[in-house]
Structure formats: structure tokens, C-alpha cells
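Below: the structure, in C-alpha cells.
The values are calculated or read from the model by the stated rules, or taken from the named source; none is laboratory data. Here the structure is a predicted model, which means the values were calculated and not measured. Glycine also receives a Cβ, built like all others from the backbone with ideal geometry; neighbour counts cover every protein chain displayed. Areas reflect the complete protein model, heavy atoms only, side chains present, ligands, DNA and RNA absent. Shrake-Rupley method; radii C 1.70, N 1.55, O 1.52, S 1.80 Å.
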Amino acid sequence: MTDLHKVARELRDAETTGRSIQIGDQTVRICEVFTTEFTQAVLYTLRSGQSIPRHRHTGIDDVFLGVVGQGRIRTWRADGGAAELVLQPGCIEAVTPGTVHEVVSDSDDFAYLLLQAPKEDYDLIPVDPSSA
């Protein structure tokens, strides 16, 4: 059994297996929690103000589970209307294929588990903020 709170804390403090990825000019720490034939689950830790920029996927669901701290998932409909979903510990939100979305951290200890399925259909299509 994986203790996500412990992994998030260790990942934030760079004390556990995981890796840093560059997203624009920000460094984000991630750790693969599990992978199966159809699903992948990755824990993300973001500092206050960091974000995962606007993007969409053509064939996968993104399912977010809040672990530590608070952040927001912003989504945009095809007509340009936007929604903001608060993600905090224990909250779960799903973003379906084709939905433009971004994740923004509101706290210095924000961590969330991202489940993506079906993983073989993974793609990431950046979206220019002026066109979302």
C-alpha cells in the first residue's frame, strides 16, 4: 500500500525516488506511483504559483485526486466558457478527452495524483491561452 502523503512529502523534499521535469521555466517534481496495462498514475508536487499550462488530450481521461495542499483545475468549453474546480485533499475531479485544462497551485505543498487512461492513447496538445 502506498502512503501518498509520505511520498508527496519526500518528493517535495527530494528524498524519494522521483524526478524533476521542466515545464517552461519551472521545475516540477513527479513520481510514478503505478502503471498497469491500461492506466498510469503519477504524483505531482507543485510550489505556490506553479502551474501545468493549458493543454488537452485527444483520447485519455485525466483523473485528479488531491493529496496535500490546495490547487485549482481550470477548464474551458469549446464555446470559450471557463470553470474552476478546487482540488484539495480527498477531492477527485475528472477531465474528459478534448477538454482544455490547466492546473494551478495555491499552496506551497500542493500535491495531486494524476491517473490517465487509456495510457496507450496519451498525447499532450499545448493550447495557446489566447485561443482557449
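Listed values, structure above:
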| read-out | value |
| --- | --- |
| Residue match in the range 60-74 (condition: over 14 Å from the mean Cα position of the chain (by Cα) and surrounded by fewer than 17 Cβ atoms within 10 Å (Cβ to Cβ)) | no |
| Filter result for F34 (open to solvent by 50 Å² or more (accessible area, probe 1.4 Å) and within 24 Å of E10 (Cα to Cα)) | yes |
| Sole exception among (1) of a type outside the set (S, T, Y); (2) exposed (fewer than 13 other Cβ atoms within 10 Å of the Cβ); (3) in contact (Cβ under 8 Å) with a residue 40 or more places away in the chain; (4) in a loop (DSSP other than H, G, I, E, B) for E120, by number | (4) |
| Any hit, the range 75-93, residues being of a type in the set (D, E), open to solvent by less than 30 Å² (accessible area, probe 1.4 Å) and either touching a Lys or Arg at 6+ places or on another chain (Cβ under 6 Å) or not in a strand (DSSP E or B) (or both) | no |
| Enumeration of residues in the range 37-52 that are closer than 20 Å to P129 by Cβ and either without any contact (Cβ under 8 Å) to a residue 12 or more places away in the chain or crowded, with 16+ Cβ neighbours inside 10 Å (or both) | L46, Q50, S51, I52 |
| Checking D109 against (1) surrounded by 15 or more Cβ atoms within 10 Å (Cβ to Cβ); (2) at pLDDT 90 or above; (3) within 15 Å of the chain's Cα centre (by Cα); (4) farther than 24 Å from T39 by Cβ, the condition it does not meet | (2) |
| Where I23 falls short, out of the listed (1) more than 30 Å from S130 (Cα to Cα); (2) surrounded by fewer than 16 Cβ atoms within 10 Å (Cβ to Cβ) | (1) |
| Given (1) free of Cβ contacts under 8 Å to residues at least 12 places away in the same chain; (2) over 17 Å from L113 (Cα atoms), number of the condition K6 does not satisfy | (2) |
